[in-house]
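All remarks here apply to the structure that follows.
The values are calculated or read from the model by the stated rules, or taken from the named source; none is laboratory data. Predicted model only: the values in this text are computed from it and were never measured. Here the Cβ is made from the backbone with ideal geometry for all residues, glycine too, and neighbour counts use every protein chain on show. These accessible areas exclude ligands, DNA and RNA; they are computed on the full protein's heavy atoms, side chains included. Shrake-Rupley method; radii C 1.70, N 1.55, O 1.52, S 1.80 Å.
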Amino acid sequence: MGEQKERMLAGELYIADDPELAADALRAALLTEKYNASSAADPDARRALLEELFDSIGDDVEIRPPLQVDYGYRITVGNGTFVNFGAIMLDVAPITIGSDVQIGPNVQLLTPTHPLDPDLRRAKWESAQPITIGDNVWLGGGAIVGPGVTIGENTVVGAGAVVTRDLPPNVVATGVPARVTRRL
């Protein structure tokens, strides 16, 4: 394994313009291209593609194309989860999605982050922080979840919300940035 991939997997600053990471990204792009072109009439073929793409995927999971990922191998999805059309999962760091999660259309799970220092940014350094979505969470359509965020079980995130900080279990959060508006 090369230095830049090791740095990425360790959560350190790394340069994504690396041949090994480019090969991993190409693998993911080709698998998602196949997945996105697959027939709804062939759920077994779709499942096989997701098993090859993701780190792990539970039983009774439905992910409606189109789907976009960075690498795929840093994504885990629990049993009974539903992901609607247009999901973007940038998995530079791990993305852990619990069981029985409902993800609306056009939701973005974004682990990458970039240095605030303009010289480091110009030199193409980046890093990422993991995202964890607890069991039975509902992410409304168009929600965006940023790097390093954990969303507790049973929480509901309103459509269009931008989640930049952890959310506790059993709440409703809405707005930009997302704020708890109600306890469940």
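Summary table below
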{"quantity": "Members of region 54-87 found to be assigned to a loop (DSSP other than H, G, I, E, B) and within 20 Å of GLU153 (Cα to Cα), listed by number", "calculated": "GLY58, ASP59, ASP60, VAL61, GLY78, ASN79, GLY80, THR81, ASN84"}
{"quantity": "All positions within region 99-113 that are under 10 Å from GLY148 (Cα atoms) and assigned to a strand (DSSP E or B)", "calculated": "LEU110, PRO112, THR113"}
{"quantity": "Residue within region 126-134 that is open to solvent by 30 Å² or more (accessible area, probe 1.4 Å), over 17 Å from THR32 (Cβ atoms), outside any strand (DSSP E or B) and out of contact with any Phe, Trp or Tyr (no Cβ under 6 Å at 6 or more places or on another chain) present", "calculated": "yes"}
{"quantity": "Selection status of ALA87, of a type in the set (Gly, Ala, Ser), at negative phi and open to solvent by 30 Å² or more (accessible area, probe 1.4 Å)", "calculated": "no"}
{"quantity": "Extreme residue, farthest from the chain's Cα centre (by Cα), among residues of region 143-184 that are surrounded by fewer than 19 Cβ atoms within 10 Å (Cβ to Cβ) and among the hydroxyl-bearing types (Ser, Thr, Tyr)", "calculated": "THR181"}
{"quantity": "Output for region 90-111, where each listed residue is under 10 Å from the mean Cα position of the chain (by Cα) and open to solvent by 30 Å² or more (accessible area, probe 1.4 Å)", "calculated": "LEU90, PRO94, THR96, GLN108, LEU110"}
{"quantity": "Residue list for region 59-84, filter: within 21 Å of GLY11 (Cβ to Cβ), open to solvent by less than 50 Å² (accessible area, probe 1.4 Å) and touching a residue at least 40 places away in the same chain (Cβ under 8 Å)", "calculated": "VAL69, ASP70, TYR71, GLY72"}
